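**Student:** One structure follows; several queries about it will come next.
The values are calculated or read from the model by the stated rules, or taken from the named source; none is laboratory data. Because the structure is a prediction, the values reported are computed rather than measured. Cβ placement follows ideal geometry from the backbone for every residue including glycine, while neighbour counts extend to all protein chains displayed. Surface accessibility is based on the protein's heavy atoms, side chains included, excluding ligands, DNA and RNA. Shrake-Rupley method; radii C 1.70, N 1.55, O 1.52, S 1.80 Å.
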Amino acid sequence: MSRTPPEGDADDSRLGQPGPPLDHRAPFYMGFVGAVGALVAYWLLTNIAAIGSTLILIVVSLFLAAGLNPAVTFFERRGLRRSYAVVVVIAAVLVAVVLFLVAIVPVITDQVKSLTDQAPTWFDQLQQNQTVKDLDDEYDVIDKARDYVTGGDFVSTLFGGAIGIGLRVLSALFNAFIILVLTLYFLSSLDTTKKALYRLAPASRRDRVSRLGNRIVESVGGYVSGAFIVAMCAGLSSLVFLFAVGLGKYAVALAFVVALLDVIPMIGATIGAVVVTAIAFAEDPKTGILCIVFYVVYQQVENYLIYPRVMSKSVDVPGAVTVIAALVGAALLGVVGALLAIPTAAAVLMLTREVFVRRQDAR
């Protein structure tokens, strides 16, 4: 008994038999796929470069969220729900910032104004130095520097005029607001975000990936908290020292500068010490010499006593790797890159030891 072939079979017979699949090793196929991949990569790099400033805000927010997470965990261990713990930590940070602005900023502003007013006197004192006088006679350095600093065009040249100052202030405020909002969001959803990312790993490796990821987040958080503690030590010690040597009228402003610069790895503390020492020399050479002695001694104490103790539980990076990471980070992203370089290097080293080295040892 004959059977009528289905309609699909009849169509297949009329269209012919399908041919073999494309050869993935064929030159045309490989060239086409390679060209498409190169174009897609170029497109991605172009767009990443276009949104570079936004990505920096996101990275800074993640960095701050990881740094504040230990405080949130502290309240969680004492029975507070994470949402409430996040609110408490953010509220504490905002209160600290407001108190700083109300109590410290006016003092810093007055002392900066005093520093600016004293600048012409310091230039006159520099002219009494024979070496500086010879350079000034030949190149007119002092007069040009005095006119540039004390003239009305100094701030305009620095910031691009009054409109430029306004735009920079608005941009800084807007970026600060964006960072605050993103930090709050990342901090509140940090556990959920981590779990979602960990689920991308295969089930057989998910536990190990989760442990490594949590370790990295804890390392970054510990580094941020440690950097803040080290900077506070530098600022407070500078404040006490400056009052002791008779620079009380500039002490708060200069101590704030030292604390702020001390956050920058490698060179921040040195830059802060140079700034303070230069102003001390302008006031009194003996005070300048005392500043040199103090900061040389303090940096040894910070490098070999304070920093290792504070950072011992957060990052474990050899000195050479620290220097290289900071240089590379600064070259790529400036100050932000230098700040992120050390915890990033610590994370890479940990992953290398836990994944690659262990795999090599098992062979």
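**Student:** Please compute the contact order of the stretch 183-326 in relative form: average sequence separation of alpha-carbon pairs under 8 Å and at least six residues apart, divided by the residue count, as a percent. Display every interim value, and only then the final one.
**Tutor:** Details: 98 pairs, mean separation 34.2, N = 144.
Rounded, it is 24 percent for the stretch 183-326.
**Student:** Here's a follow-up. Can you give the accessible area of LEU339, probe radius 1.4 Å, in Å² rounded to 10?
**Tutor:** Around 50 Å² of this residue is reachable by solvent.
**Student:** Still on this model: Express the relative contact order of the stretch 224-281 as a whole percentage, based on alpha carbon pairs under 8 Å and six or more residues apart in sequence. Let's see the in-between values first.
**Tutor:** Working: 47 pairs, mean separation 19.0, N = 58.
The value is 33 percent.
**Student:** Still on this model: Ranked from the most accessible area to the least, with a 1.4 Å probe and all protein chains present, what is the order of VAL317, VAL87? Could you put the intermediate results ahead of the total?
**Tutor:** Details: VAL317 30, VAL87 90 Å².
Sorted descending by solvent-accessible area, the residues read VAL87, VAL317.
**Student:** How do 47-59, 267-279 rank on mean C-beta neighbours within 10 Å, highest first?
**Tutor:** On the way: 47-59: 12.2, 267-279: 18.5.
Top of the packing list down: 267-279, 47-59.
**Student:** Just to verify a number: what accessible area does LYS195 come out at with the full protein assembly present, 1.4 Å probe, Å² rounded to tens?
**Tutor:** Surface accessible to solvent at LYS195 totals approximately 140 Å².
**Student:** Among residues other than ALA201 whose Cβ falls under 10 Å from its Cβ, what is the net charge (Lys/Arg +1, Asp/Glu -1)?
**Tutor:** Working: positive: ARG199, ARG205, ARG206, ARG208; negative: ASP207.
Local charge sum for ALA201: +3.
**Student:** What percent do you get for the relative contact order of the stretch 242-363 when only Cα pairs under 8 Å and 6+ apart count? Walk me through the intermediate numbers first.
**Tutor:** Numbers: 82 pairs, mean separation 20.5, N = 122.
Rounded, it is 17 percent for the stretch 242-363.
**Student:** Right, next: Can you tell me how the stretch 250-363 classifies by the Cα gyration tensor, rounded, prolate or oblate, using a/c under 1.5 as the rounded cut? Don't skip to the end; give the middle numbers.
**Tutor:** Numbers: a/c = 3.50, a/b = 2.45, b/c = 1.43.
It is prolate, given that a/c is not under 1.5 and a/b is the larger ratio.
**Student:** In the neighborhood of VAL89, defined by Cβ-to-Cβ distances under 15 Å, what is the net charge if each Lys or Arg adds +1 and each Asp or Glu adds -1? Numbers along the way, then the final one.
**Tutor:** Details: positive: ARG77, ARG78, ARG81, ARG82; negative: GLU76, ASP191.
With Lys, Arg at +1 and Asp, Glu at -1, the net is +2.
**Student:** If you don't mind, another one. Working out 0.36 nm times the residue gap between PHE177 and VAL301, then minus their Cα-Cα distance, what length gain in nm do you get to one decimal? Display every interim value, and only then the final one.
**Tutor:** Numbers: separation 124, 0.36 × 124 = 44.64 nm, distance 3.67 nm.
So the extension gain works out to 41.0 nm.
**Student:** Could I ask something else about it? Can you run phi through the Karplus equation (6.51, -1.76, 1.60; θ = phi - 60°) for the stretch 61-75 and list ³J(HN,Hα) in whole Hz, with x for Gly and Pro?
**Tutor:** 5, 4, 4, 5, 4, 5, x, 8, 4, x, 5, 5, 4, 4, 6
**Student:** Using a 1.4 angstrom probe and counting only protein chains, how large is the accessible area of ARG206 in Å², to 10?
**Tutor:** It works out to around 70 Å².
**Student:** Got a sec? What order do THR287, THR344 fall in by accessible area at 1.4 Å, biggest, i.e. largest, first? Intermediate values should be presented prior to the final figure.
**Tutor:** Details: THR287 15, THR344 80 Å².
Ranking THR287, THR344 by accessible area, largest first, yields THR344, THR287.
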